[in-house]
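The values are calculated or read from the model by the stated rules, or taken from the named source; none is laboratory data. All figures in this text were calculated on a predicted structure; none of them were measured in a lab. Cβ placement follows ideal geometry from the backbone for every residue including glycine, while neighbour counts extend to all protein chains displayed. Only protein heavy atoms, including side chains, enter the accessible area calculation; ligands, DNA and RNA are left aside. Shrake-Rupley method; radii C 1.70, N 1.55, O 1.52, S 1.80 Å.
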Amino acid sequence: MDRTYFGQHSSSQFNEALESIRNHLMEMGGLVEKQVVDALDALLRADSDLAEKVMQAEDKVDKLEIQIDEECARVLALRQPAASDLRLIIAVTKAVSDLERIGDESAKIAAMALQLSEEGESPRGYVEVRHIGNHVRNMLRDSLDAFARFDADKALDVAAEDNEVDLEYRSAMRSLVTFMMEDPRAISRVLNIIWSLRALERIGDHARNIAEQVIFLVKGKDVRHISMDEMEEKVKG
Amino acid sequence: MDTAEKLDKNASGRNHAEEPMIDLEEQPMQETRYPEHTVGTPFVDDPKMRLRDVDVFYGDNQAIHKVSLDIGKNEVVALIGPSGCGKSTFLRSLNRMNDTIDICRVTGELFLEDQDLYDPKMDVVELRARVGMVFQKPNPFPKSIYDNVAYGPRLHGLANKKYELDEIVETSLRKAGLWDEVKDRLHAPGTGLSGGQQQRLCIARTIAVSPEVVLMDEPCSALDPIATAKIEELIDELTESYTIAIVTHSMQQAARVSNRTAYFHLGRLIEVNDTETVFTKPEHELTEAYITGRFG
């Protein structure tokens with residue numbers, strides 16, 4: 001159902017409150033997206049300045065999380081939203097905590113980048129980081145786009161992509177573990193890459209969570225903890 | 001290793017804040033569509049009241065268009081909708097209250113269990129004892145509290161002895177949650193009570209004749225939040241023995257007290273669904289628009 005079918009709320013203050021929540025969520029999404037991109041960049045280029053920047057951005061993301069949660073609580077208390085408005089508020093509060101966690105994971109990647117810039121590059125794993133990183137970045141971007149456009153189909157694509165990421169993550173793990181067995185001197189540096197891959201995989205999970213909230217928002221259906229086929233059926237059916 | 005160049009360039013940190021989610025202003029206003037049939041679940045198994053294709057006319061004006069709805073046993077059905085959508089008209093046709101309006105004409109099938117409400121042989125006084133009504137403004141008779149409640153049972157000959165009548169009065173006032181407040185002044189005038197107490201007196205008066213169905217037309221619109229909470233609590237208790245249809249302008253009230261919610265729009269019944277569904281994921285866009293306050 002298109003929630004803009006009837007256009008504006010009768011209360012302009014209510015409109016403004018919802019608009020402001022949506023804008024802040026998108027602002028937070030933009031910041032977190034940049035954090036992920038920069039963290040990857042810092043890791044791949046061994047750029048310690050950029051890594052520092054990623055870690056500093058956390059503060060702003062945390063503040064936005066608190067601000068958006070406060071705005072949502074205010075709307076719940078003062079407006080008693082129902083139907084699509086209620087689902088928007090619920091979806092936003094959940095998406096916000098996933099975004100905050102993505103910020104945390106980016107900071108972890110940045111910390112690994114700092115270590116690698118001190119210890120020297122890892123002999124292996126950059127191809128995997130770049131590949132999975134690209135995937136995860138697209139997932140995050142698409143989940144935010146889907147939120148912005150109330151696009152359940154795009155959200156479904158994000159969820160499907162998460163399954164691919166999980167497969168690639170597992171195969172990367174196998175090859176890196178094999179490499180460490182062959183060359184134990186590189187273990188500490190390769191481990192930094194492994195932690196980064198782990199963080200990327202988690203970012204993918206959080207992007208999927210956001211996509212699931214988009215489906216709840218648009219379709220009113222809870223698609224958490226079900227198989228891809230069931231999810232597809234709920235969205236299309 | 002110079003892998004950074006290989007990063008997908010178009011993905012570099014686009015700021016979503018610059019991109020408004022959807023420009024509400026530019027959405028064209030679309031023609032409102034009525035569903036061909038009421039969406040959701042208007043019918044239940046073994047209903048208390050069965051209403052089919054109900055039309056109500058005031059002279060040449062049709063106020064209700066082909067409304068079909070079941071009211072189940074011991075359930076609370078809330079009728080909601082914008083002013084003038086016909087919900088009160090519909091409610092009033094359920095105990096022939098519209099008979100008092102000369103130009104009003106009701107057609108369709110309206111059954112209380114297996115009895116046709118509009119059967120010419122139907123005794124309207126008896127019908128209104130089976131289907132009671134509570135109005136928007138408390139309207140106690142200018143009599144004592146006791147006589148207000150005793151009026152119906154006396155009229156219908158439900159009590160032969162004084163002690164029987166006393167018992168009915170006490171039980172009704174207890175059920176209406178008013179007994180403790182008035183037991184020491186049963187013979188004081190009913191009009192001397194507060195608004196909320198008067199409304200509960202009216203409910204006691206309605207249930208004194210043991211109706212099967214209680215119709216409530218915005219019973220709390222003249223009451224403060226505490227009195228409203230008491231009436232809502234009462235509605236919840238009354239469902240153990242009665243079937244209730246309530247018209248309310250407060251959507252929160254509908255959400256709080258009802259099992260199913262029926263949404264009326266310009267004389268048509270648009271949607272009936274479990275109250276939870278209506279307030280979280282309504283099926284029809286007109287319901288959605290009303291529930292979220294986009295018109296009305």
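So the values come out like this:
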{"quantity": "Residue match in the stretch A:211-232 (condition: among the hydroxyl-bearing types (S, T, Y), out of contact with any Lys or Arg (no Cβ under 6 Å at 6 or more places or on another chain) and over 21 Å from A:L116 (Cβ atoms))", "calculated": "yes"}
{"quantity": "Residue within the stretch A:161-184 that is within 14 Å of chain B (Cβ to nearest Cβ) and more than 24 Å from A:S227 (Cβ to Cβ) present", "calculated": "no"}
{"quantity": "Failed criterion for B:F57 (all others in (1) within 14 Å of another protein chain (Cβ to nearest Cβ); (2) at pLDDT 95 or above; (3) open to solvent by 30 Å² or more (accessible area, probe 1.4 Å) hold)", "calculated": "(1)"}
{"quantity": "Restricting the stretch A:175-220 to residues that are closer than 27 Å to A:L140 by Cβ, in contact (Cβ under 8 Å) with a residue 60 or more places away in the chain and among the small types (G, A, S), the residue that is surrounded by the fewest Cβ atoms within 10 Å (Cβ to Cβ)", "calculated": "A:G220"}
{"quantity": "Every residue from the stretch B:252-283 that is hydrophobic (A, V, I, L, M, F, W, C), within 22 Å of B:F57 (Cβ to Cβ) and surrounded by fewer than 22 Cβ atoms within 10 Å (Cβ to Cβ)", "calculated": "B:L266"}
{"quantity": "Some residue of the stretch A:78-94 being closer than 30 Å to B:H284 by Cα, away from every other protein chain (no Cβ under 11 Å) and over 22 Å from the mean Cα position of the chain (by Cα)", "calculated": "yes"}
{"quantity": "Checking B:K281 against (1) within 11 Å of another protein chain (Cβ to nearest Cβ); (2) among the charged types (D, E, K, R); (3) touching a residue at least 12 places away in the same chain (Cβ under 8 Å), the condition it does not meet", "calculated": "(3)"}
{"quantity": "The one condition in (1) in contact with a strand residue (DSSP E or B) (Cβ under 9 Å, 6 or more places away or on another chain); (2) surrounded by 20 or more Cβ atoms within 10 Å (Cβ to Cβ); (3) more than 14 Å from chain A (Cβ to nearest Cβ); (4) of a type outside the set (S, T, Y) that B:Q197 fails to fulfil", "calculated": "(1)"}
{"quantity": "Subset of the stretch B:143-171 (residues that are at pLDDT 95 or above and in a loop (DSSP other than H, G, I, E, B))", "calculated": "B:K143"}
{"quantity": "Residue ID - nearest to B:K121 (Cα to Cα), chosen from residues in the stretch B:70-92 that are open to solvent by less than 10 Å² (accessible area, probe 1.4 Å) and over 13 Å from the mean Cα position of the chain (by Cα)", "calculated": "B:D70"}
{"quantity": "Residue in the stretch B:116-139 that is among the polar types (S, T, N, Q), at pLDDT 95 or above and in contact with a helix residue (DSSP H, G or I) (Cβ under 9 Å, 6 or more places away or on another chain) present", "calculated": "no"}
{"quantity": "Hits in the stretch A:3-21 - residues which are open to solvent by 10 Å² or more (accessible area, probe 1.4 Å) and at the interface with chain B (Cβ under 10 Å from one of its Cβ atoms)", "calculated": "A:R3, A:Y5, A:F6, A:G7, A:Q8, A:H9, A:S10, A:S11, A:F14, A:N15, A:E19"}
{"quantity": "Tally of residues being facing chain B (nearest Cβ under 7 Å) and in contact (Cβ under 8 Å) with a residue 40 or more places away in the chain across the stretch A:114-149", "calculated": "7"}
{"quantity": "Matching option when the condition is within 20 Å of the chain's Cα centre (by Cα) and not in a helix (DSSP H, G or I), among A:R202, A:R224", "calculated": "A:R224"}
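Per-residue answers, yes or no, for (1) closer than 29 Å to B:R205 by Cα; (2) within 11 Å of chain A (Cβ to nearest Cβ):
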residue	(1), (2)
B:I235	yes, no
B:T239	yes, no
B:M251	yes, yes
B:A255	yes, yes
B:R268	no, no
B:E271	no, no
B:T287	no, yes
B:F295	no, yes
